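Encoded as structure tokens, the structure appears first; notes follow it.
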Amino acid sequence: MMKKQWVILAVCFLLFLTQIEAVSAAIPSGHGRQTYATSFTGTDTLTGTSSRQQAFEVMEYWNVEELRVNLRFQISQITEDQESSVTLSLNGSPFYTFRPTVQNNGEQQLTIPAPKGFLKEGTNTLSIQGYLRTTTNLDQVCVVDNTTDNWLHLFNTSSVDVTYTPKALTGGISDFSQRFSGIDTVKSNRSLLAVPEGSTGAELEAAAYALSGFANANSLSDRTLPLLPYRADTVKGKGAVVLVAMYDHVPAALKAQLNTDEDLQSHALIQLVNKDSQPTLVVTSKDESLLIKAGRLIANSELLAQLSSDLKVVDDATETATPTLAISSDVSFTETGDQLTGPYHQEQIYYVSLPSNRSIADSGKISLDFRYAQNLDFDRSLVTVSINDTPIGSKKLTKELANKDSLHLAVPQNLNISGNFSVKVAFDLELPSLICTPNTQQMPWAYISKDSVMKLNTKDRTDLLFNNYPYPFLRDEVYNHVAVVLPQEMDDYSYQSLANVFNLLGQYATGNTGDVHFYTDSVNTDNLQNNNIIAIGTYEDNKVIRDNNDKLYFKYNADGSSILSNEKMSIDAAYGARIGTLQLIESPYESGRGFLAVTGANSQNYYLSSKLIATEKDKWRVFGDGVVSDKDGNVSAYRFKTVSGTEEDSALQNIAERSDVFGFIVAVVLVIALVLLSLILLLRKHLKKRGDRRET
């Protein structure tokens, strides 16, 4: 009897656990108290009196409950702990000061609570100010604080932890889109962009535009947004799902929640459903062109941020295009001016945005307008300008020009700068006898005025090299006639590889007006002409790769089971079956266009290679025009294209890139032509008069 009771109790207990699991599964993932940790980027060392900053994000949809700073650091073993201090500030407001200890070889770990009241939505800045001493001043008149033995080393295991609860999803489509690309959602892999199984070219095209828009909003340089078929196993545990599908391919459970007032033959829907369980943004239509237009709308971040309702209806009249990118030749560094205060080395960094396919041409110039304090030691004070941390020029500060000084520097062409770059203006502000002067942060000072500008001339980078990637698939931040050729049968690795490619392309694509078209490997070659091609697949399942095997740098053997050796790399047959490659060659279908092969003997192999062009974090590992990777993380990059002559442009190319010089030359040529024409007419008139006189 007792055994029977125990069995009944055990069954009841199992049923109870099952009910708990069911209830837990019904609770949306991501609800409740969570903590997001932002690790310090790199390692830094503070010396003497110096500081460093760490940025971290607070999302709009977070209710912040607690903020902690975890510091792990080591100080000089000869530090005078009663003379040294470290002060933490949040967004310019100090909140904690402590004295580091030399115990445990100077290594220390602290968890410091920070006030929530100093936080703001968006980007926040934690400043760590060190005042470090290795000697006491009991028997000294002065203390030197900038020697190399006064140091504090911050480890990259330090972090800023924000504990929060997500706010309710009440802001409609715009609120959902923020969460979909939010740092917490992406880092925990709770976002998913889905398409139907066996998706059509139109569905993939619309999804590619949508993915590009969300990827552009993703601020994490080491994480991607997944693209997979919509299935129970792929959506399980996701906190935000976007489904792009023709109406007939939308699952019945979602279709039942869609707005049925609109004729989907002439409209597309962008509708948010399942807000209280698993928020899902459904993008659908019965018309392929309208589905693609809805995908373009999602790629327009400005429009998407304005959609505060749960439903957006798209028709032929709906405006979706982003503004055309304007590349200005005059870049202003600051709108209101920037002031730097304090002694020693002070820096101000300005970030300049350029499309990834453009590089700095010759004749660029930086004109810096500034002023500074008159109480400096002018024998040791100067200003230095650097581009991407490479110095391009300096100037000594003088008392005579303290109230109105300027510096004009030519931008060296050999810097080989392309895409976004930084300009750093650094002042070394030295005071006479500072060694015995109290260290006041407002003295001395320098001021960079709003008249400081950069004259920027740019040119296209057209070499088919991964050094210039994502060119040729993007030009001036829009898709540049892209044709994607996929295998006939797509598995999850194929979809993930496609997602990897468009995550990085989307990071660079700020416009939504370019074209991307999707085909299977049975595509007619006419559709590949005048296009830059991305071919994903194996020798066996992608005919475009198979037909152009002889043009690849890493060719397949006769049956496509392994990649062969070449002049750059010896490859064992077994190893050739385990590697994936990225190869960027000239298109076999159109001169001047590019062909990117993302390929390997099986889908897992080329998926591993596609990860190299998925994030900004890994992009540095890819250069040249042929790259090999394996499952062990080994990456080998080679350049197969020969260097044709000098890298520098011809004078004719430089003139063509410079509209101002070209216009001047045209004007000079016209003047010369007019002068020659006048001389010819005068000569003819003179000869005619001589002929008339001879006749008389």
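Listing for the model above:
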item	result
Unit charges at the beta carbon, dipole of the range 58-106: most positive-side option, Thr97, Val64, Ser76	Ser76
Local net charge near Lys312, Cβ-Cβ under 12 Å (Lys/Arg +1, Asp/Glu -1)	-2
Rg ratio (alpha-carbon, reference 2.2 N^0.38 Å) - the range 160-239	1.17
Percent RCO, i.e. relative contact order, over the range 109-248, from Cα pairs under 8 Å lying at least 6 residues apart	24 percent
Surface accessible to a 1.4 Å probe, Trp62 within the full protein complex, Å²	10 Å²
Globularity ratio of the range 245-290, using Cα Rg and 2.2 N^0.38 Å	1.09
In Å², nearest 10: area of Leu465 left accessible to a 1.4 Å probe	10 Å²
Whole-number accessible area per residue in Å² for the chain, which is evaluated in the context of all protein chains at 1.4 Å	49 Å²
The range 93-245 - Kirkwood radius from inverse mean 1/r over Cα pairs (Å)	20.3 Å
By accessible area with a 1.4 Å probe, ligands and nucleic acids excluded, highest first: order of Met246, Met454, Met490	Met490, Met246, Met454
Among Asn457, Phe502, Asn468 - extreme Cα towards positive end, dipole of the range 445-510, charges at beta-carbon	Asn457
The chain, relative contact order [Cα under 8 Å, separation at least 6], %	10 percent
Net dipole in debye of the chain [+1 Lys, Arg Cβ; -1 Asp, Glu Cβ; about Cα centre; nearest 20]	980 debye
Solvent-accessible area of Asp233 with every protein chain in place, 1.4 Å probe, in Å² to the nearest 10	100 Å²
Gain on full stretching of the segment that runs from Thr398 to Thr260 - 0.36 nm per residue minus C-alpha separation	42.2 nm
Length gained when the stretch His408-Asp632 is fully extended (0.36 nm per residue, less Cα-Cα span)	75.6 nm
Helical segments meeting 30 Å axial Cα length and Kyte-Doolittle -1.0 threshold in the chain (DSSP H)	2-26, 659-695
Alpha-carbon centroids, the range 261-301 and the range 537-613: separation in whole Å	37 Å
The range 385-498 - percent of accessible surface contributed by carbon and sulfur, probe 1.4 Å	48 percent
Listed values (1) 30.0; (2) 27.2; (3) 26.0, entry calculated as Kirkwood radius over Cα pairs in Å	(1)
Where N is the number of residues in the range 473-576, Cα Rg divided by 2.2 N^0.38 Å	1.19
Ranking by accessible area, most exposed first, for Glu57, Glu400, Glu65 with a 1.4 Å probe	Glu400, Glu65, Glu57
Candidate residues Thr234, Thr125: accessible-area rank, largest first, probe 1.4 Å	Thr125, Thr234
Rg to Rh quotient for the range 445-500, alpha carbon positions, Kirkwood Rh	1.28
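The values are calculated or read from the model by the stated rules, or taken from the named source; none is laboratory data. Quick caveat: nothing in here was measured; it's all calculated off a predicted structure. Positions of Cβ are generated from backbone atoms using ideal geometry, with glycine treated the same way; all protein chains shown enter the neighbour counts. Ligands, DNA and RNA are stripped out before the accessible areas are found, and what is left, the full protein with its side chains, is counted by its heavy atoms. Shrake-Rupley method; radii C 1.70, N 1.55, O 1.52, S 1.80 Å.
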